[in-house]
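Asks: Sharing a structure below in structure tokens format, with a few things to ask.
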Amino acid sequence: MSTPAPGQDEPIDPALAEAVESAFDEAELDESGAVEAAPAADGDESTDGEAPADPLAAAQAEAAQLTDDLARARADLYNLQQEYQGFVRRSREAAAGHRETGRASVVEALIPVLDEIALADQHGDLTGPFATTAAKLESILGEKFGLVRFGEVGDVFDPTLHEALMATESDEVSEPTVAMVLQPGYRLGDKVVRAARVQVTNPA
């Protein structure tokens, strides 16, 4: 191998020259002559806008929304159940009130009949089949409807139970006392259907 003479350039390796030329061919020059970087691959591009959403944060937000929706649905269901229970309670109370009103109406309609039976009994006319029928009627009213007859001679006068149609005075009593029962009273449970109509003896 010969040594190049002074002042002469060393010969360029052809393989090296070819590699350099190939590198310049792949690079692009801008107007100022600077080398521009080759465009990045599509998969490596990054946008200058919003950063990509975090999948974990999105899942947490969705879970929170679903939890809130579930709580609201449970509250609506609870309110609906309360309204239904209130409706059922009011319906039962109304039905019970209607039954009581109906029973009282039946008894009030039969009071004149019961008065006739009591009057016939006082006069000794309650005999035979009529007496049997009257006893059955009073038994049914007592057992099925809870009707109670009250008002007896000697009872202490009670204005909530007795209606005084006549009054006398006597030294034999120390407080107003029922001296005579003109018409018995009737009661359904705690409700007085009709007060007993009586004669009262007051202390002299």
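Asks: From VAL181, VAL173, VAL153, VAL107, which residue is part of a strand (DSSP E or B) and either hydrophobic (A, V, I, L, M, F, W, C) or open to solvent by less than 50 Å² (accessible area, probe 1.4 Å) (or both)?
Replies: The conditions single out VAL181.
Listed here are the residues, each with its yes/no results for (1) over 29 Å from HIS98 (Cβ atoms); (2) modelled with pLDDT of 95 or more.
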| position | (1), (2) |
| --- | --- |
| THR132 | yes, no |
| ILE140 | no, no |
| VAL148 | no, no |
| GLU163 | no, yes |
| GLU169 | yes, no |
| GLU172 | yes, no |
| LEU182 | yes, no |
| LEU188 | no, no |
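Asks: Among the residues in region 197-204, are any at negative phi, modelled with pLDDT under 90 and more than 52 Å from the chain's Cα centre (by Cα)? Give the derivation first.
Replies: Taking region 197-204 first, the residues at negative phi are 197-204.
Narrowing the set further to residues that are modelled with pLDDT under 90 leaves 204.
Narrowing further to those that are more than 52 Å from the chain's Cα centre (by Cα): 204.
Yes, some residue in region 197-204 is at negative phi, modelled with pLDDT under 90 and more than 52 Å from the chain's Cα centre (by Cα).
Asks: Only one of (1) within 30 Å of LEU182 (Cβ to Cβ); (2) modelled with pLDDT under 75; (3) among the β-branched types (Val, Ile, Thr) is not met by VAL20, so which one is it?
Replies: (1)
Asks: Any idea which of PRO129, PRO55, PRO112 is free of Cβ contacts under 8 Å to residues at least 60 places away in the same chain, exposed (fewer than 10 other Cβ atoms within 10 Å of the Cβ) and more than 46 Å from the chain's Cα centre (by Cα)? Reasoning before the result, please.
Replies: Details: PRO55 fails: more than 46 Å from the chain's Cα centre (by Cα); PRO112 fails: more than 46 Å from the chain's Cα centre (by Cα).
Only one candidate qualifies: PRO129.
A quick yes/no check of all residues on (1) among the aliphatic types (A, V, I, L, M); (2) at pLDDT below 90; (3) touching a Cys at 6+ places or on another chain (Cβ under 6 Å):
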{"residue": "ALA95", "(1), (2), (3)": "yes, yes, no"}
{"residue": "ALA104", "(1), (2), (3)": "yes, yes, no"}
{"residue": "VAL107", "(1), (2), (3)": "yes, yes, no"}
{"residue": "ASP121", "(1), (2), (3)": "no, yes, no"}
{"residue": "ASP125", "(1), (2), (3)": "no, yes, no"}
{"residue": "LYS136", "(1), (2), (3)": "no, no, no"}
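The values are calculated or read from the model by the stated rules, or taken from the named source; none is laboratory data. These figures come from a predicted structure and were not determined experimentally. Please note: Cβ atoms are built from the backbone with ideal geometry, for glycine as well, and neighbour counts cover all protein chains shown. Just the protein is used for accessible areas: all its heavy atoms, side chains included, with ligands, DNA and RNA removed. Shrake-Rupley method; radii C 1.70, N 1.55, O 1.52, S 1.80 Å.
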